[in-house]
Amino acid sequence: MKFVTFLDNNLEKIGLVDQATIYDLEKINPNLPKTLTELLADDDFSFPICQQIIHEINRGLYKNKIVTEPQILAPIPHPSSFRDAYAFRQHVETSRMNRGLPMIEEFDQFPVFYFSNHQAIQGPGKIFAMEKHFNRMDFELEVAIVIKKEGMNINAENADEYIGGFMILNDLSARELQMEEMKLNLGPAKGKDFASMFGPYLVTPKELETYKVEPKAGHIGNCYDLEMTCSVNGTEVSKGNFKDMHWTFAEIIERVSYGVKLFPGDIIGSGTVGTGCFLELNGTGKREKSTYEEQWLQPEDIVEMSVTGLGKLINSVHLYQH
């Protein structure tokens with residue numbers, strides 16, 4: 001199933017998506033949970049009802065419950081936390097190579113992550129940023145998961161049971177701010193704390209069953225063959241695949257939950273897919289050609305991210321006017 005969160009008279013509501021049409025779940029069944037986080041946490045109750053609603057939609061019911069011209073938010077607009085991992089070897093290896101550094105051995109020992117700002121969550125549409133954010137502004141092409149139930153010290157063998165759904169993630173980055181603070185061996189806080197975009201849908205794992213493939217040798221957990229692309233102003237700049245994650249989300253959950261509780265609504269990002277940001281692309285371009293001209297996001301640019309099965313996340317970036 002696919003879900004969205006949308007605004008209706010300034011109230012956040014859940015939409016059930018069928019064939020690109022959004023249906024207002026509250027109008028169809030007011031007994032269902034009111035937020036997507038609550039819906040996922042109570043999926044034993046809510047999912048069978050939603051499945052029945054889809055069957056009824058396919059029989060021609062609920063045409064008067066369609067949401068027209070919805071204002072789509074991030075699927076989980078108020079997560080309890082947001083962690084972002086660093087799970088794609090190609091991105092890490094190439095980025096280090098571009099800086100003249102060898103691949104770091106610790107990458108293969110455990111999945112690493114950082115905490116980002118869970119109060120700066122955005123969905124599709126316009127994104128406003130400050131002037132300093134546009135000093136080497138970058139996109140990051142990622143996939144994110146949402147945790148659906150509480151757990152602690154979760155084994156990777158069981159961790160996929162905790163995933164409520166998948167979303168596209170554009171982890172917007174201000175590279176100049178990021179590089180300044182990381183010289184102090186902290187960060188990348190100010191480089192990434194102003195906007196993280198998710199959506200347009202939250203897609204349940206069952207929806208992706210047909211894309212499932214084996215994880216990389218020596219790893220455990222669900223893995224999916226999903227093509228990932230990013231275009232800026234209509235020109236494709238990035239292309240990768242979700243199956244190329246070195247660390248699976250199951251393994252990341254095991255690491256994240258060691259000694260701490262995860263809660264419904266927690267978000268975890270995959271990290272950037274190979275070729276999935278200008279920082280990596282520019283570094284490769286300069287390494288291969290001395291006359292290469294760097295590209296960064298500029299005000300009014302349109303960023304379109306597509307992932308097989310997860311839809312298309314479209315944002316435009318704009319300079320905040322005081």
Consider Cys230 against the criteria (1) crowded, with 20+ Cβ neighbours inside 10 Å; (2) closer than 17 Å to Ala85 by Cβ: it satisfies all of them except one. Which criterion is unmet?
(2)
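Results for (1) out of contact with any Asp or Glu (no Cβ under 7 Å at 6 or more places or on another chain); (2) closer than 16 Å to Asp84 by Cβ; (3) open to solvent by less than 60 Å² (accessible area, probe 1.4 Å), shown as yes or no for each residue.
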position: Phe107; (1), (2), (3): yes, yes, yes
position: Asp138; (1), (2), (3): yes, yes, yes
position: Ile145; (1), (2), (3): yes, yes, yes
position: Gly151; (1), (2), (3): yes, no, yes
position: Glu176; (1), (2), (3): yes, no, no
Output for the range 178-204, where each listed residue is at pLDDT 95 or above, touching a Gly at 6+ places or on another chain (Cβ under 9 Å) and open to solvent by 30 Å² or more (accessible area, probe 1.4 Å)
Tyr201
Exactly one of Asn117, Asn29 is within 23 Å of Met1 (Cβ to Cβ) and either in contact (Cβ under 8 Å) with a residue 40 or more places away in the chain or out of contact with any Phe, Trp or Tyr (no Cβ under 9 Å at 6 or more places or on another chain) (or both), and that one is Asn29
Which residue, of Val307, Val273, is among the hydrophobic types (A, V, I, L, M, F, W, C) and in contact with a His (Cβ under 8 Å, 6 or more places away or on another chain)?
Val273
Out of Val317, Val237, report the one residue that is crowded, with 17+ Cβ neighbours inside 10 Å, over 24 Å from Val17 (Cα atoms), hydrophobic (A, V, I, L, M, F, W, C) and touching a Cys at 6+ places or on another chain (Cβ under 7 Å).
Val237
Out of (1) touching an Asp or Glu at 6+ places or on another chain (Cβ under 9 Å); (2) free of Cβ contacts under 8 Å to residues at least 40 places away in the same chain, the odd one out for Ala87 is which?
(2)
Restricting the search to the range 250-282, which residues are open to solvent by 10 Å² or more (accessible area, probe 1.4 Å) and touching a helix residue (DSSP H, G or I) at 6+ places or on another chain (Cβ under 8 Å)?
Glu251, Glu254, Pro264, Thr275, Leu279
Of all residues in the range 71-88, which are touching a helix residue (DSSP H, G or I) at 6+ places or on another chain (Cβ under 7 Å) and either closer than 21 Å to Gly265 by Cβ or not aromatic (Phe, Trp, Tyr) (or both)?
Pro75, Ile76, Arg83, Ala85, Ala87
Restricted to the range 45-80, and to residues that are charged (D, E, K, R) and closer than 27 Å to Ile168 by Cβ, which residue is least open to solvent (accessible area, probe 1.4 Å)?
Lys65
Out of Ala85, Ala129, report the one residue that is under 14 Å from the mean Cα position of the chain (by Cα), at negative phi and not aromatic (Phe, Trp, Tyr).
Ala85
Any pair with Cβ under 8 angstrom, 6 or more apart, that starts in the range 277-300 at a residue that is within 14 Å of Val92 (Cα to Cα) and ends at one that is open to solvent by 100 Å² or more (accessible area, probe 1.4 Å)
Gly283/Arg99
Picking from Lys126, Lys132, which residue would you name as being open to solvent by 80 Å² or more (accessible area, probe 1.4 Å), in contact with a strand residue (DSSP E or B) (Cβ under 8 Å, 6 or more places away or on another chain) and either in a helix (DSSP H, G or I) or more than 27 Å from Leu7 (Cβ to Cβ) (or both)?
Lys132
Being of a type in the set (A, V, I, L, M), out of contact with any helix residue (DSSP H, G or I) (no Cβ under 9 Å at 6 or more places or on another chain) and either at positive phi or in a loop (DSSP other than H, G, I, E, B) (or both) narrows it down to one residue among Leu186, Leu169; which is it?
Leu186
Determine, yes or no, whether Ala87 is touching a Ser or Thr at 6+ places or on another chain (Cβ under 9 Å), open to solvent by less than 10 Å² (accessible area, probe 1.4 Å), more than 22 Å from Thr248 (Cα to Cα) and outside any helix (DSSP H, G or I).
no
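The values are calculated or read from the model by the stated rules, or taken from the named source; none is laboratory data. This is a predicted model, so every value here is computed, not measured. For neighbour counting, all protein chains shown are included, and Cβ atoms are generated from backbone atoms with ideal geometry for every residue, glycine included. Ligands, DNA and RNA are excluded from the accessible area calculation, which covers all protein heavy atoms including side chains. Shrake-Rupley method; radii C 1.70, N 1.55, O 1.52, S 1.80 Å.
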